Amino acid sequence: MKQFALLLITLCTITISSCRKDLGTKCKSYNRVNITNLIGTDAFHLDSTYTNAAGEAYNAYMLKYYISHMKLVNENGERVELYAHELIDQAVPSSLELGDVIIPDGHYTSLEFNLGVDSLHNHSGDQAGDLDPMYGMIWTWNTGYIFFKHEGYFTSSTSGTEQPLIYHYGTDRALVPISLPIELHADRSASVINLQFDLNKLYSNPNTIAFTGNNNHQSISTSDIPWINTLRANFPNAFSASAFVFLQE
Amino acid sequence: MKKIIVAFIFIAPLLFVACDKGEDEIPAATPYTLVIPEGLPPMNIPSNNPLTVEGIALGKRLFYDPILSANNTQSCASCHLQDFGFTDPNQFSTGIDGIAGTRNAMPLINLGWQTKFFWDGGANGLESQVMGPITNPIEMHETMANVVAKLNATAEYPDLFKAAFGIAEVSSQNIMRAIAQFERTLISGNSKYDQYMRGEALLTAQELNGKALFEDMEKGDCVHCHSMGSTFSDFEFRNTGLDSIPVDEGRYMITLNASDKGKFKTPSLRNVELTAPFMHDGRFQTLLECVQHYNTGFRYSANLDPNLSFAVKGRMTQQEMEDLVAFMKTLTDMEFVNNPEFH
């Protein structure tokens, strides 16, 4: 409700001051992005137990990832960047709500972003905002960001015991460009894009990943490269997006 | 709450105007002009982190403050001692948990001319390097988030950060930038060798012979990597034949290129008399042992540096090796070691 009031006020200000279709001035809309981590169709929760496609019970006490250079693409292929670098942290609810961005009116047909940090920004810790090293998503002995971090426990399919699961996914080769179809008609409106990330799909679609004997990857050795390639192939299928207009002038 | 937010929206523009006015009143940090000794090249300083008097002073304070370690017992200076060219006289430094590392602490000399840091070049800039020792579990074992919180909670640091960077709130970025600024001032360029090059001192016959051997491709052949003059290093990564099968894979652990196995950064030879023990693992105690290694001791492998692959073993006499060491000792700069600005 608070946000709604704020949006209404700013929307009024913009539409009054800048938008005259008959005069050919560009009209503007608002868009925000909300992110939901899922297991199938259910909301994902830290420390809850789930079952992956390999049949192993697992959880996560930490789930964080970087999304960079998120852009809306209109029907003419024109792009507008919404956010530069965003750290998504399941433990920090505000990190799942990416704030309002002014966009030109238009018919948008896809949402593009990278899972990870682009190579221009990936090799220096001398950065602020969501790339601030204090968030612990950087390797300090080999400067580079951890694009995706899943730490938790799983039940080994061979021993039946609970074991730690440490997945630290990164390095330049791990960057995943992702493009998702959406349908958004922005016309002096406020809209929201719901971006969903299904953790179980990450570990199953199209490549099934079993954790047993495969539970510690930190992107540091050549033996991690096949694991990086597998996850990189799965990441695009783990995301989906839908858009809707919730306020029209 | 809603009313407060609405009110804020109307007040916000006024605040911005007021802030603009206020910013003019914050005194900007004082630009610092680095004096580069004759013989050393100009230094590339990142445009987003210019040297300032306040920034360097803050960096020095942080460098010597054990607050950067998890239990507030160790500072950067615990393992980088000025008396020893800002390195550790121990083969391996011991971190806050009593665990020793596996590599010898690197000297902090003329860092502003280097682009990659650590023995394996894992850090791409002096600013980024700062995070390494702070967060390494066997070194200072702290998190950047904790360091930021601890510094923010002190009475004095927020003011020092404000003086240096215009923002009182401590950030990891400004911690890195301040320490990097201080480190860029750690310049050595007034050794006996430098004085000789400027015509202010004479080298002995033995030192001069050592200098000739240093440059002689058939003898010392040191110059291929420890470039003559100025920095005394090419700062490249090279396999110097310490082991046929390297225990520590060095640069390979960063690049994962097989050809980088056993490669380490060429250290500068400035103040080398003071920075013992030598090599990435501190295996040699004396300079003579180092010269003996390059004369006869190096081991062959696929990655051995070509300059050594072609070198003839035993090409120098005992006397020649001693002369070479005598020359290396002319690179000792007591003005650097005793500079009160550095401690």
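The values are calculated or read from the model by the stated rules, or taken from the named source; none is laboratory data. Please read all numbers here as calculations on a predicted model, not as lab measurements. When we count neighbours, we look across all protein chains shown, and the Cβ atoms used for this are built from the backbone with ideal geometry, even at glycine. What goes into the accessible areas is simple: the full protein's heavy atoms, side chains included, and nothing from ligands, DNA or RNA. Shrake-Rupley method; radii C 1.70, N 1.55, O 1.52, S 1.80 Å.
For B:Arg198, neighbours were defined as the other residues whose beta-carbon sits under 12 Å from its Cβ, and their charges (Lys and Arg +1, Asp and Glu -1) total -2.
For the chain pair A and B, the interface hides roughly 2000 square angstrom of accessible area in total, found with a 1.4 Å probe.
Evaluating kT/(6 pi eta Rh) at 25 °C and 0.890 mPa s, with the Kirkwood radius of the protein assembly as shown over Cα pairs in the Stokes-Einstein relation, gives 89 µm² s⁻¹. Using a probe radius of 1.4 angstrom, the carbon and sulfur fraction of the accessible surface of the protein assembly as shown is 56%.
In terms of the mean number of neighbouring beta-carbon atoms within 10 Å, the peptides B:119-126, A:209-216, A:231-238, B:170-177 order highest first as B:170-177, B:119-126, A:231-238, A:209-216.
Summing Lys and Arg as +1 and Asp and Glu as -1 over all other residues whose Cβ lies under 15 Å from the Cβ of B:Ala77 gives a net charge of -4.
Residues B:Thr296, B:Thr115, sorted by accessible area with the largest first, give B:Thr115, B:Thr296 [1.4 Å probe; ligands and nucleic acids excluded].
A crude spin-label estimate for the pair B:Thr115 and B:Ala28, with each label 7 Å from Cα along the Cβ direction, gives 2.9 nm.
Peptides B:301-314, A:184-197 ranked from most to least packed give A:184-197, B:301-314, packing being the mean of other C-beta atoms within 10 angstrom over each peptide's residues.
Averaging the inverse of every distinct alpha carbon separation and then flipping it gives the Kirkwood radius. What is it for chain B, in angstrom units? For chain B, inverting the mean 1/r across all distinct Cα pairs yields 22.1 Å. Can you bin region A:121-225 into rounded, prolate or oblate? Criterion: square roots of the alpha carbon gyration tensor eigenvalues sorted a ≥ b ≥ c, rounded for a/c under 1.5, prolate for a/b above b/c, oblate for the rest. Oblate shape, in that a/c is at least 1.5 and b/c is the bigger or equal ratio. Translational D (Stokes-Einstein, µm²/s) of region B:28-187 at 20 °C and 1.002 mPa s when Rh comes from the Kirkwood sum over C-alpha pairs? It comes out at roughly 134 µm²/s.
Computed from label points 7 Å out along Cα-Cβ, the spacing between A:Ile102 and A:Ser242 is 3.1 nm. If R0 is taken as 56 Å, the Cβ-Cβ distance between B:Gln292 and A:Val92 corresponds to a FRET efficiency of 0.45.
For region A:34-248, the equivalent ellipsoid built from the Cα gyration tensor has semi-axes of 30, 20, 15 Å, listed from largest to smallest. For A:Gly152, the shell of other residues with beta-carbons less than 15 Å away shows a net charge of -3, using +1 for Lys and Arg and -1 for Asp and Glu. What the Cβ-Cβ distance of A:Thr49 and B:Glu236 gives, at R0 = 56 Å and to the nearest 0.05, is a FRET efficiency of 0.65. Between A:Ile39 and A:Met62, the contour length at 0.36 nm per residue exceeds the alpha carbon distance by 6.8 nm. For peptide B:137-145, the mean count of partner chain Cβ atoms within 10 Å of a residue's Cβ comes to 2. Within 10 Å of the Cβ of each residue in A:130-138, the mean number of Cβ atoms contributed by other protein chains is 5. In terms of packing, defined here as the mean over residues of other Cβ atoms within 10 angstrom, the peptides B:273-283, A:99-109, A:74-84 line up highest first as B:273-283, A:99-109, A:74-84.
Once the Cα-Cα distance is subtracted from the 0.36 nm per residue extended length, the B:Val312 to B:Met228 segment shows a gain of 28.1 nm. Once you sort the root eigenvalues of the Cα gyration tensor of region B:96-167 as a ≥ b ≥ c, which label holds: rounded (a/c under 1.5), prolate (a/b larger than b/c) or oblate (the other case)? Cα axes put region B:96-167 in the oblate bin. Per residue, the Cα convex hull of region A:56-150 amounts to 144 Å³. Both radii are taken from the alpha-carbon atoms of region B:192-337; with Rh as the Kirkwood radius, Rg/Rh is 0.97. Within 10 Å of the Cβ of each residue in A:140-150, the mean number of Cβ atoms contributed by other protein chains is 5. Within the listed set A:Ser110, A:Ser157, A:Ser29, the Gaussian network model of chain A (springs between alpha-carbon atoms below 10 Å) gives the highest mean-square fluctuation for A:Ser157. Have a look at B:Asn152, B:Asn257, B:Asn90 and tell me which one the Gaussian network model of chain B (Cα, springs below 10 Å) gives the largest fluctuation. Maximum fluctuation in the GNM of chain B, among the listed residues, is at B:Asn257.
Rolled with a 1.4 Å probe across the full set of protein chains, the surface gives A:Leu98 an accessible area near 10 Å². For region B:108-201, GluC sites (Glu not before Pro) are listed when DSSP marks them as loop and at most 15 other Cβ atoms sit within 10 Å of their Cβ; the list is B:Glu156, B:Glu169, B:Glu200.
When a/c is below 1.5 the answer is rounded, else prolate if a/b is larger than b/c, else oblate, so apply that to region A:108-170 with a ≥ b ≥ c taken from the square roots of the Cα gyration tensor eigenvalues. Oblate, because a/c is 1.5 or more while a/b does not exceed b/c.
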